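**Student:** This is the structure I have questions about; it appears just below.
The values are calculated or read from the model by the stated rules, or taken from the named source; none is laboratory data. Small disclaimer: the values here were computed from a predicted structure and weren't measured. Methodologically, a virtual Cβ is constructed for each residue, glycine included, from the backbone with ideal geometry; neighbour enumeration extends over all protein chains shown.
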Amino acid sequence: MAIQHEIVLSLAGDLDLKVLVRRYMSTCMRCLSARSVHLHLYLDGIDDVFAAEAKDFQDGRYFAIPRNMPVHPENIDDIRQLLQRWRQQDFRELEPTRIESGDSHYHLFPMSHGAVLILERHKIPLRDSVVQAISPIVEYLQSYCEVALKHGRIVSEVEKRTRAEQRLQHIAYHDDLTGMPNRLYLVEKINEALLAAKQGDWKGALIYIDLDNFRDINDSLGHAVGDQLLQLVGERLANNLTEGEVIARLGGDEFALLVPHLDAHKLSLMAIVESLRDKLKQPFQTPERPLYIAASFGLTVFPGDEEDAVSILRQGDIAMSQVKASGRNDLKFYEPAMDADARARFRLDADMRNALGSDQFQLHLQPQVDQNAQVLGAEVLIRWQHPELGFVSPLDFISIAEKTGFIVPMGQWILHEACRHIALLQQHPETRHWRIAVNISAKQFHQPKFVEMVDSILAQSGVPGSALELELTESTLLDNVEQVIEKMAALRERDIHISIDDFGTGYSSLTYLKRLPVNKLKIDQSFARGVHLSADDSVIVEAIIAMAGRFGLDVIAEGVEDIEDLEHLVELGCDEFQGYYFYRPQPLDQLLESLQLGSS
Ligand SMILES: [Mg+2]
């Protein structure tokens, strides 16, 4: 959205388009982990445009990031020859092409306006699905170039300009994955509908739609399938709309339907929602398999007290979030009381930011033991004692922190604090061998400097990597597998242990497991709890233990609460345990006291 906005602004002459092109290329580079990005422009006369920018663009004919490439792609024979060949051909018929040279993979994306985007990756080429997925990005860039050229008075014919402007207009108001109207467009239409409803004294409605469990589809089947599903969903939702209705994609798996005039609509609002649900009920055909989805709906009727489109959208969002919170696949009307709930979450978010580093947050340790109940280590868990609200459950604040990204600084604090605890534990002969496990969220792990951050914390606290274990969830591992493996290997080089948390609840675990440098699987507590009563859970636990054995991995069962489950788990071959049966999570000094080790 920000970028689309920039295009609109730039048309109004507020921004330098050459700056935008550079910025866009930097984005490509960062998002696609490219070593360099290079834009080759065939158009004659292009030199004039950037001649004045000689400092910015070292060579008039290219934009290149970084400016001084170690190997300029056009010094590679295969690339130079391909570019010369392409020059003679119809650009619309060219396909993205990959050329390998040394340890670099160069992806060449032809753009219909006589330009080629060249993206260099070190060692690992882009996957085909990614190449397909980024073609809209290439199109964006193309629009930038088009306008940049126009800006430089090269493309001066009126027809071309009109086309570019129409294209930009379209980009600004449409979603590039589905081609549907986007949020910006919807906001304008809601404002129009609001005004008309006030003047005509009728009611309109907004239906906020969020697909249920869409993340699981992305995680288990990949983003390409997820994107395809979003396109299919968009198509279906857009079918058979009544005149004046607008269906838009707001981003991610969120859509919204605007019904500007309820009275003029043949159906009641509930019937409209029912028809949307019917549209989603039929399976969606993807190359992998048919997918079944459900959605959560938030409804709001206007005009009410709200002032504008943004607050109407917010109401729809709040109502939808309530459906999510109470079990999904349902609908709810917006009520002003819901705002209180949203405000409470907002407050937690704000308070959390202020509280980090104060003594409101504390780590508790839950020991992990072997079959003889000997403590091997502990998992650290964050606890929040709010000065006014009292104990706030991690279930409440961690999810907010994940959503807002605050989990990154919070996770860093936890790691820091955990290492401080390790340093204390290492002073006792009885606890010197303990390994301390820290939960790492996906957002934190995927930070580019994650390994460096761990390094610096280890160095500051002076504890060895071998005393630390990082718990990652399966979903963390499925995104960008090559990078994940690289990072895990780097951590393992530092003797840091890696375990997979909540194991068994994800989807594609088996295929990846072989390739991942993991030490341990933590069987999710939903399997361990009551396992002696459930034949199904027993089979799953047994299978996990057998598989772990084959891959040489340790296994620990979480959520062990009673002797029956424990005995059953031992029978199934499990040899490490964590749970209330042994210890509750507790602060370090209490724990040492209960172990009769005393606090240092
Ligand atoms: Mg955990």
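**Student:** Just to be sure I understand the filter: pairs with C-beta atoms under 9 Å, separated by 6 or more residues or on different chains, first member in the range 266-292 and more than 14 Å from Q231 (Cα to Cα), second member surrounded by 12 or more Cβ atoms within 10 Å (Cβ to Cβ) and among the acidic types (D, E). Which pairs pass?
**Tutor:** L267/E274; I272/E245
**Student:** Moving on to the next point. Given I414, I422, I398, which one is farther than 20 Å from D501 by Cα, free of Cβ contacts under 8 Å to residues at least 60 places away in the same chain, buried (at least 18 other Cβ atoms within 10 Å of the Cβ) and out of contact with any Ser or Thr (no Cβ under 6 Å at 6 or more places or on another chain)?
**Tutor:** I422
**Student:** Condition first: in a helix (DSSP H, G or I) and within 28 Å of M29 (Cα to Cα). Can you find one or more residues in the range 419-442 that meet it?
**Tutor:** Yes, there is a match, as at least one residue in the range 419-442 is in a helix (DSSP H, G or I) and within 28 Å of M29 (Cα to Cα).
**Student:** Here is a list of conditions, (1) out of contact with any Ser or Thr (no Cβ under 6 Å at 6 or more places or on another chain); (2) modelled with pLDDT of 90 or more; (3) not in a strand (DSSP E or B), and Q231 meets all of them except one; can you say which number that is?
**Tutor:** The single condition Q231 does not satisfy is (1).
**Student:** Hey, can you tell me all the residues within the range 324-345 that are in a helix (DSSP H, G or I) and either free of Cβ contacts under 8 Å to residues at least 40 places away in the same chain or farther than 24 Å from I398 by Cβ (or both)?
**Tutor:** Answer for the range 324-345, where residues must be in a helix (DSSP H, G or I) and either free of Cβ contacts under 8 Å to residues at least 40 places away in the same chain or farther than 24 Å from I398 by Cβ (or both): A325, P336, A337, M338, D339, A340, D341, A342, R343, A344.
**Student:** Still on this structure, please answer the following. Looking at the range 380-400, which of its residues are away from the ligand (no atom under 15 Å from the Cβ), at pLDDT 90 or above and part of a helix (DSSP H, G or I)?
**Tutor:** F397
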